[in-house]
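These notes concern the structure reproduced below.
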Amino acid sequence: MDAALSQYLLQAAKVSPILEVFVRFFATWAIVILAGLAIACTWRHKWHGVTALFVAVVAAFAINVSIGTLIPRERPFYTERTQPLFVPMSEKSLPSDHAALAFSLTGVVWFYCRRPRAAAVAIAVGIAIARVMAGVHYPADVVVGAVVGLIGAAISIRLVGRPYALSLHK
């Protein structure tokens, strides 16, 4: 099922040159826009917000490296013998680093800023889907990466705390 869905989405991305451009962009560069959005929205909380972003990203990557070491999985284009839209530097597939980073940033944005929540979620989901459509991840890779990213954000919020302006008052 994982391989079949991955194949289907890769073929769908190759149907239209315009769709392929969007997939390439979201799979590679949208993470920069999301990081900029996250920094801009947490910047008004000074060290508190930026620290929360840093802790979330570090926690997500630490978990990602641990899972990747314990459960090595090759990328779909190695196992399925397909041609991806681009070849990433890393050979590991599970979990997706891009999805983990995107969802860790989105999780922090969710707790620190109200207005850009929908945009952050849309970009993070777009990144995850684009990584599968580009043929560099299986769907399970990005789902696990997203969960890891949200766990990283939860760890960050727990350690750094929520901003005073958004905390619930009794």
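Within the chain, the selection of entire DSSP H helices by a Cα span of 20 Å or greater along the long axis and an average Kyte-Doolittle value of at least -0.5 returns 47-70, 97-112, 117-133, 139-160.
Rounded to 0.05, the FRET efficiency of the Thr82 and Val58 pair, given R0 = 41 Å and the Cβ-Cβ distance, is 0.80.
Label-to-label distance, Ala118 versus Val50, with points set 7 angstrom from Cα along the beta-carbon direction: 3.1 nm.
Basic side chains Lys and Arg get +1 at the Cβ, acidic Asp and Glu get -1 at the Cβ, and with that the dipole of the chain about its Cα centre reaches some 760 debye.
Entry note, the chain: the mean residue ellipticity at 222 nm calculated from DSSP H runs of n ≥ 4, each adding -39500 (n - 2.57), is -23000 deg cm²/dmol after division by the residues and rounding to the nearest 500. The charge dipole of region 1-91, taken about its Cα centre with unit charges on the Cβ atoms of Lys, Arg (+1), Asp and Glu (-1) only, comes to about 280 debye. An ellipsoid equivalent to the chain, defined through the eigenvalues of its Cα gyration tensor, has semi-axes of 31, 17, 11 Å when rounded to whole angstrom and sorted largest first. Ranking Tyr138, Tyr8 by solvent-accessible area of protein heavy atoms (1.4 Å probe, all protein chains present), from largest to smallest, gives Tyr8, Tyr138. Per-atom-type breakdown for region 1-73 gives carbon and sulfur 79% of the accessible area (1.4 Å probe, protein chains only). Build a GNM of the chain with springs between Cα atoms under 10 Å apart, and of His98, His48, His137 the one that fluctuates most is His48.
The values are calculated or read from the model by the stated rules, or taken from the named source; none is laboratory data. These figures come from a predicted structure and were not determined experimentally. Neighbour counts are summed over all protein chains in view; Cβ atoms, including those assigned to glycine, are modelled from backbone coordinates with ideal geometry. Only protein heavy atoms, including side chains, enter the accessible area calculation; ligands, DNA and RNA are left aside. Shrake-Rupley method; radii C 1.70, N 1.55, O 1.52, S 1.80 Å.
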